[in-house]
Structure formats: structure tokens, C-alpha cells
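The values are calculated or read from the model by the stated rules, or taken from the named source; none is laboratory data. Keep in mind the model is a prediction, meaning the values are calculated, not measured. With ideal geometry, Cβ positions are generated from the backbone for all residues, glycine too; neighbour counts draw on all protein chains shown. Accessible surface is based on the protein model in full, side chains and every heavy atom, while ligands, DNA and RNA are left aside. Shrake-Rupley method; radii C 1.70, N 1.55, O 1.52, S 1.80 Å.
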Amino acid sequence: MWQIGRASAVGAASMWIAVVVVFLAWVTAEIISEVGIGEYVAGFISGDLAIALLPAILFLLASFISFSMGSTFGTFGLILPIAAEIAASTDLDMLVPAFGAVLAGAIFGDHTSPLSDTTILSSIGSGIQVIEHVTTQLPYALVCSAASLLGFVVLGLTRNTAIGL
């Protein structure tokens with residue numbers, strides 16, 4: 001019986017990092033909202049073409065930031081509130097595609113980053129150097145990234161999710 005209690009305590013303790021990350025993402029979202037970064041950036045977006053390319057631009061931005069930080073959740077916390085405010089200020093129909101673009105870009109950047117905990121643990125588990133793991137995963141990730149980018153451009157131009165997929 002004591003093993004169940006011990007396992008529960010260890011499991012709960014392991015979740016503190018996730019709780020802290022979610023809390024900090026919430027605080028960051030509140031700060032971004034109060035400062036009005038999304039509305040400010042939305043002020044630079046004018047014309048249908050710029051709004052149509054919003055998912056593709058967010059995908060590239062999230063990819064770069066996530067690759068640079070090596071963190072999926074950090075990118076979510078940083079870019080999602082900005083993307084939401086931009087979509088709400090320009091075209092609310094672009095909210096879900098903008099979120100999808102940020103999520104996809106953050107995952108791509110995290111999986112290809114040598115700074116990512118996922119990449120480091122995968123390379124340790126397979127017994128190879130981190131850079132070797134990155135170079136073996138990069139061709140596959142780049143093909144998926146190119147397909148995603150093309151899909152986001154098509155989705156933005158046609159406003160049709162099925163065609164974008």
C-alpha cells in the first residue's frame with residue numbers, strides 16, 4: 001500500500017515542471033495581452049495577401065523560435081497569444097489556422113533543434129552524438145516542413161482547410 005502512495009507522490013512531483021511552464025505561459029500571455037503586442041503587429045498587416053500568408057509566416061516564425069530555444073512549450077507560450085491577437089484583430093476566421101501553424105512550427109523546430117531535451121535524450125538513448133541524431137532526422141523533418149508550409153500557404157490563399165490539407 002505504501003508503494004502506491006510513494007508512486008503517487010513521485011508522479012505528482014514530476015508534474016511540477018509542467019505546472020510551472022503552464023503558469024509562466026499564462027503570465028506571458030497576460031503580459032502580451034496587456035502590452036498589446038498582437039494588436040501592434042496586426043497594425044502592420046494590411047491587405048488580403050498579408051492575411052492569407054499569416055499561417056505560413058507564423059509557421060516559419062514558430063519553427064525558428066523553437067529551433068533556437070529547443071522548447072515546444074516555450075514557443076507555444078510565446079507565440080500563441082500573439083497569433084491569437086493578430087487573428088482577432090485582422091480576420092477571426094484565421095484563428096484556427098494560425099494556431100495550427102504555431103503548433104506545427106514549434107514541434108518542427110523542437111524536433112530538429114540540437115538544444116531540445118527530446119533530441120538530447122533520443123541521441124543518448126540510441127548511443128550516438130546529438131549532431132548525428134539531428135542530421136539523421138533533418139531530411140525527414142524538412143520534407144514534412146516543406147509540405148506543411150505549402151499547405152499553410154494554400155490554406156491561407158483558398159481559405160479552405162480541405163484543400164490546404
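Values for this structure:
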| quantity | calculated |
| --- | --- |
| Contact order relative to length of the chain, as percent, for alpha carbon pairs under 8 angstrom and 6 or more apart | 24 |
| C-alpha long axis of helix 2-14 to longest principal axis of the chain, angle in ° | 40 |
| The chain: angle of helix 16-35 to the longest principal axis, Cα-based, in degrees nearest 10 | 20 |
| Nearest-20 debye value, the chain charge dipole, Cβ charges on Lys, Arg, Asp, Glu | 420 |
| Per-residue SASA entry for W26, accessible area with 1.4 Å probe, Å² rounded to 10 | 150 |
| Principal axes of the chain: Cα extent on each, largest first, Å | 61, 39, 27 |
| Accessible surface of D93 - all protein chains present, 1.4 Å probe, nearest 10 Å² | 120 |
| Choice from A98, A13, A147 with maximal GNM fluctuation in the chain (Cα, 10 Å cutoff) | A13 |
| Rounded to 10°, Cα long-axis angle of helix 95-112 versus longest principal axis of the chain | 40 |
| Gyration tensor (alpha-carbon) shape descriptor, the range 78-165, a/c threshold 1.5 | oblate |
| Heavy atoms of M69 accessible to a 1.4 Å probe, total area in Å² rounded to 10 | 90 |
| Heavy-atom accessible area order for S71, S66, largest first, 1.4 Å probe | S71, S66 |
| Ellipticity estimate at 222 nm from DSSP helix runs (n ≥ 4, -39,500 (n - 2.57)) divided over the chain, nearest 500 | -27500 deg cm²/dmol |
